[in-house]
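The structure appears right after this line, and notes come after that.
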Amino acid sequence: MSFFWGSWITVLSLGCWLFIFGVLVWTLKSKPVLEEDETTGHSYDGIREYDKPLPKWWLVIFFGTLIWGLGYFILFPAIQPNAWKGITTVEVDGQKVPWTSENELNSQLQANNKVFTENFEQGILANAGASEATAVLAKLNELQAQKKDQAEPSKELQDQIDAQVALLAPYVDKLSTDPEALKVGNRLFLQNCALCHGSNAKGGLGYPDLTDNDWLFGGEAENVLLSIHNGRVGAMAAWQKQLGESGVRAAAEYVLDISGNQNGYDLDQAQVAQGKAIFEQNCVLCHGPDAKGLTTMGAPNLTDDIWLFGGDREAIRTTIRHGRSGVMPEWQTKLGNERIMLLAAYVRSLSQNPTE
């Protein structure tokens with residue numbers, strides 16, 4: 001907050017307090033001249049005005065609010081917040097820090113997360129026979145704390161973090177068969193993931209279906225964990241400039257052919273042959289020579305009937321012509337390692353992948 005706005009708040013707050021206090025004191029000290037019948041002499045419509053003292057309960061409440069306001073100025077940063085932090089503190093990251101709304105929120109989040117973590121480790125992990133994961137989580141938290149302290153985290157440190165995340169995979173598979181873990185995982189999914197993937201996890205146009213066995217970056221527990229932890233960025237380049245419209249149409253015709261032509265189009269075999277040559281020259285690097293995709297690249301399998309952006313002729317042409325892009329955000333900083341384990345377990349339980 002700037003000095004100007006801090007001063008504005010200070011002057012306004014103290015000014016209001018002093019004005020109200022002054023008016024009350026002036027009212028108590030002000031004694032009008034009374035008539036012999038103890039009235040002020042004012043009469044209106046036959047109603048005479050008396051000078052009676054204010055009720056004691058009203059005075060107590062009024063002065064009490066003034067005292068409370070003065071106490072607020074002392075307890076919290078209400079007077080020139082940049083200079084006076086107040087005497088109230090909260091605990092954040094194990095340290096006492098001055099109260100601010102942000103610090104109070106972080107303190108409450110950490111307190112809630114501590115309760116959640118204890119229940120997760122002592123209850124869910126223990127019941128699923130995965131208590132050994134606590135040691136891995138402790139090491140992972142340590143590495144992530146190091147990353148947080150670094151202005152520019154090194155690739156070596158990130159590789160160590162990813163390796164530690166991968167060690168959680170066997171425990172995720174155990175959680176994927178535990179009813180209590182899946183119940184919590186379902187709640188986490190509905191709160192955080194359903195907006196994109198749908199409440200039934202079947203996705204939509206541009207958002208993957210998580211209930212099948214088709215995975216852009218791999219569906220093993222390790223892959224799912226890393227996808228949620230670090231996020232994913234997928235990109236299909238635009239090819240219209242390199243191939244021209246005729247090349248785009250030929251490539252699309254070939255993709256329709258190798259995917260089984262589910263829509264029953266009357267395919268142009270000359271374009272199919274031309275598209276095959278184009279594919280072999282330009283597309284195998286990502287989609288592989290057999291067009292079954294590469295999970296290391298996040299490139300989809302083009303030989304099945306599963307389509308992220310639509311599998312009709314025009315949708316495929318549009319994909320090749322203009323390209324596609326998709327982003328899966330990272331969730332480690334938002335949810336933490338324990339919740340990500342539960343989410344990964346829930347997603348694994350939805351998939352047709354075996355958990356053994």
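The values are calculated or read from the model by the stated rules, or taken from the named source; none is laboratory data. Keep in mind the model is a prediction, meaning the values are calculated, not measured. Positions of Cβ are backbone-derived with ideal geometry, glycine not excepted, and every protein chain shown enters the neighbour counts. Only protein heavy atoms, including side chains, enter the accessible area calculation; ligands, DNA and RNA are left aside. Shrake-Rupley method; radii C 1.70, N 1.55, O 1.52, S 1.80 Å.
Kirkwood radius, the chain, all distinct C-alpha pairs, inverse of mean reciprocal distance: 26.6 Å. Highest mean packing first, where packing is the average number of other Cβ atoms within 10 Å per residue, the peptides 340-351, 196-207 line up as 340-351, 196-207.
Distance from the Cα centroid of region 148-185 to that of region 127-143 is 9 Å (rounded to whole angstrom). Using only side-chain charges placed at the Cβ, +1 for Lys and Arg and -1 for Asp and Glu, the dipole size of the chain relative to its Cα centre rounds to 680 debye. Helix 3-29 and the long axis of the chain differ in direction by around 30°, with both axes built from C-alpha atoms.
Kirkwood hydrodynamic radius of region 29-185, from the reciprocal of the average inverse Cα-Cα distance over all distinct pairs: 22.3 Å. Measuring against 18 Å, Cα to Cα, the residue pairs LYS85/LYS147; LYS96/LYS147; LYS31/LYS52; LYS148/LYS334; LYS29/LYS56 contain LYS85/LYS147; LYS96/LYS147 as the ones spanning a longer distance. Counting only protein heavy atoms and a 1.4 Å probe, region 297-340 has 47 square angstrom of accessible area per residue. Averaging 1/r over every pair of different alpha carbons in region 240-315 and inverting the result gives a Kirkwood radius of 12.5 Å.
Of the residues GLY22, GLY231, GLN95, the one whose Cα sits farthest towards the positive end of the charge dipole of the chain is GLY22 (charges of +1 on Lys and Arg Cβ, -1 on Asp and Glu Cβ, taken about the Cα centre). Ranking LEU109, GLN158, GLY6 by Cα position along the charge dipole of the chain, where only Lys, Arg, Asp and Glu carry charges on their C-beta atoms, puts GLY6 farthest toward the positive end. For region 111-205, the alpha-carbon coordinates run over 38, 38, 28 Å along the three principal axes, in decreasing order.
Out of the total accessible area of the chain (probe 1.4 Å, heavy atoms of protein only), what percent is carbon and sulfur? Percent of accessible area from carbon and sulfur atoms in the chain: 58.
In order along region 295-304, the Karplus-derived 3J(HN,Hα) couplings, from 6.51 cos²θ - 1.76 cosθ + 1.60 at θ = phi - 60°, round to 5, 5, 9, x, 8, x, 6, 9, 9, 9 Hz, and Gly and Pro are given as x.
Computed over the alpha-carbon pairs of region 216-280, the distance histogram in 5 Å steps reads 4, 16, 19, 13, 12, 11, 13, 10, 3, 0 percent, short to long.
The amide H of LEU294, built 1.01 Å from its N in the peptide plane, has ALA299 as neighbours under 5 Å, considering only residues 5 or more places off or on other chains. Diffusion coefficient of region 266-356 by Stokes-Einstein, Kirkwood radius over Cα pairs, 37 °C, 0.692 mPa s: 202 µm²/s. Think of region 222-280 as having a plus end and a minus end, set by charges on the Cβ of Lys, Arg, Asp and Glu; of GLY244, SER259, GLN269, GLY244 sits farthest toward the positive end of this dipole. The smallest convex shape that holds all Cα atoms of region 5-82, its convex hull, gives 115 Å³ per residue.
Here LYS202 is the anchor, and the lysines within straight C-alpha reach of less than 22 Å, apart from those fewer than 8 places off in the same chain, are LYS183, LYS292.
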